[in-house]
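Taken together, the values in this text are just the output of simple stated rules run on the coordinates, not laboratory data. All values derive from a computational prediction rather than experimental measurement. Here the Cβ positions follow ideal geometry from the backbone for every residue, glycine too, while neighbour counts run over all protein chains shown.
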Amino acid sequence: MMQKIQKFGGAMFTPVLLFAFAGIVIGVGTLFTTEAIMGSLASPDSMWFKCWNVFLQGGWTVFNQLPLLFVVGLPIGMAKKQNARCCMEALVLYLTFHYFLSTILSQWGPTFGVDFAAEVGGTSGLTMIANIKTLDMGMIGALAISGIVIYLHNKFFDTELPDWLGTFSGSTFVFMIGFFVLIPVAIIAAFVWPKVQLGMLAFQGFVKSAGALGVWIFVFLEKALIPFGLHHILYSPFYYDNVLVPGGLYAYWATKLPEIAASTASLRSLVPEAGFTATGFSKIFGCTGAALAFYATAKPEKKKKTLGLLIPITLTAIFCGVTEPIEFTFLFVAPWLFIVHAILAATLSTTMYLAGIVGIHSGGAIEMASLNWIPLMANHWQQYLLMLVIGLIFTGIWFVVFKFLIEKFDVKTPGREDDEEIKFGSKAEYREKKAGNSSNSGATSENKNDLIENILEGLGGAENIIDVTNCATRLRVNVHDASKCQNDVYFKSIGTHGCSINGNSVQVIVVLKVPKVREQFESLWEAKKSENK
């Protein structure tokens, strides 16, 4: 079950990869179309405004069509075969489902407690999807329908029909089955979802009333779930769905940017809900403090090599918001230190919230600048200066706490490893040192120097692989026998940033090049399987 949940979480992240660029476009577009910042140059009647507005509206594409993106994005990672056809099936059946639901509610709305004549948006619980007036089921509905279609696709796509029915095979057969399956699903949705919407409203009230405590709990859980690959499932409904605000925090904040830019009130007073996107502060300030502690506690003879490792992975965390490379350097040698890291992250985010500093702060400095600092600096520079002061103080706290704990408990963080476990050597050095110590060392061929082949080898070979997907930074692989897989030391020695093994689920950390690595890995995997047949 954990394997399936992790695979789902990774697949769900596929559309999220588009958000970084879309967010930058919206941030820049909002900056240049806000009169409070640009003056009369950004008057709605000016050519300047009209040109930049074209740019801005194009940026809204991703956020305005989130349900459709999640519908077609999930099959990319979850379909076992013919992913592209499954994407088409999911889109068509998702629209079919909403036509069913729209017609049911237009004819029998009062039976389900729905006023279908109400305007979309607000508290009506209605929305428009591809020009279909329907229940606003947001990302959850999109994922549910896409999940049903993926199940049907995996089960029935290869069904062999008689020759005279051959035209109904493949995607057509999946569509036929899905068409009839989704009729009762639409009826169930009409009964259940209005009650879910009421529950969401109650939950929103609870989270909002919890204030700083709610922010602390949310950020702690988001950080603590990273090793299991489940953090996407926690934050996605908050960021991209209607759990807290209409359309999710990202889209809601972007629509509020002109209003926020024109106001001098505290950010928290304007959009208090945006405190829940504060997960990025630890990426900038916390990871920096941890990296400084790693360098300070490294053995003198290893400081230069440790610095060479820490600089790129720390800059990756600061600017891109990708923290796995630095966090996973200590997660597996001292899991309890990662819990301390999560506690400090939650405390930093809560402190920012109490100081009135909220916004889209879940990514790195590039995303924060585009959606916060650049468009809002004119009237909110004092708060951003305070944010910098608080952040630097916490960098110092991270450094002191980590340095003390590392030295007190002799944690083998980068640069402190025993000589027999050098983590940053070459693959040849690793194999030479480990030769004879493990039957799975993979030292059977001197010619396997390619990263992809080394990864496949470290996972026990092609026959040990069940399936593969990825998130933003990790190659997620389910294997038949985890004992055939190499450990974290091996994966670091071949050029990745390590691995995490939970049961039969292995996550190899390759950072932002993971889509290309997955593509090459799948090609090699398929080729090796064919050779072994």
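Cα centroid separation, the stretch 481-530 to the stretch 249-303: 31 Å. With neighbour counts taken as other beta-carbon atoms within 10 Å, the residues TYR295, TYR250 rank, fewest first, as TYR295, TYR250.
Given an 8 Å cut-off on Cα distances and at least 6 residues of separation, report the relative contact order of the stretch 65-208 as a percent. Display every interim value, and only then the final one.
Values: 162 pairs, mean separation 43.1, N = 144.
This gives 30 percent for the stretch 65-208.
Counted residue by residue at 0.36 nm each, then reduced by the alpha carbon distance between them, the extension gain from LYS195 to ALA296 reaches 30.9 nm. With Rh defined as the Kirkwood radius, the inverse of the mean 1/r over Cα pairs, the Rg/Rh of the stretch 65-208 is 1.03. Relative contact order, whole percent, for the chain stands at 15, derived from Cα pairs under 8 Å and 6 or more residues apart.
With Rg and the Kirkwood Rh both taken from Cα atoms, where does Rg over Rh land for the stretch 234-417?
Values: Rg = 17.5 Å, Rh = 17.1 Å.
We get a ratio of 1.02 for the stretch 234-417.
When the chain is fully extended, how far beyond the present Cα-Cα distance does HIS480 get from ASP450, taking 0.36 nm per residue of separation?
On the way: separation 30, 0.36 × 30 = 10.80 nm, distance 2.36 nm.
Using 0.36 nm per residue and subtracting the Cα-Cα distance, I get 8.4 nm.
Taking all Cα pairs closer than 8 Å and separated by 6 or more residues, the relative contact order of the stretch 446-533 comes to 31 percent. Between LEU126 and GLY121, ASP136, the built amide H atoms are under 5 Å apart, and every one of these is 5 or more places off in sequence or on another chain. Estimated purely from DSSP H runs of n ≥ 4, each contributing -39500 (n - 2.57), the mean residue ellipticity at 222 nm for the chain is -19000 deg cm²/dmol once divided by its residues.
Considering every alpha-carbon pair of the stretch 451-501, the percent of pairs per 5 Å bin, from zero through the bin containing the longest distance, is 5, 22, 35, 28, 10, 0. For the chain, the Kirkwood hydrodynamic radius comes to 25.3 Å, computed from all pairs of different C-alpha atoms.
Once you reduce the stretch 305-366 and the stretch 68-113 to the center of their Cα atoms, the two points are 37 Å from each other.
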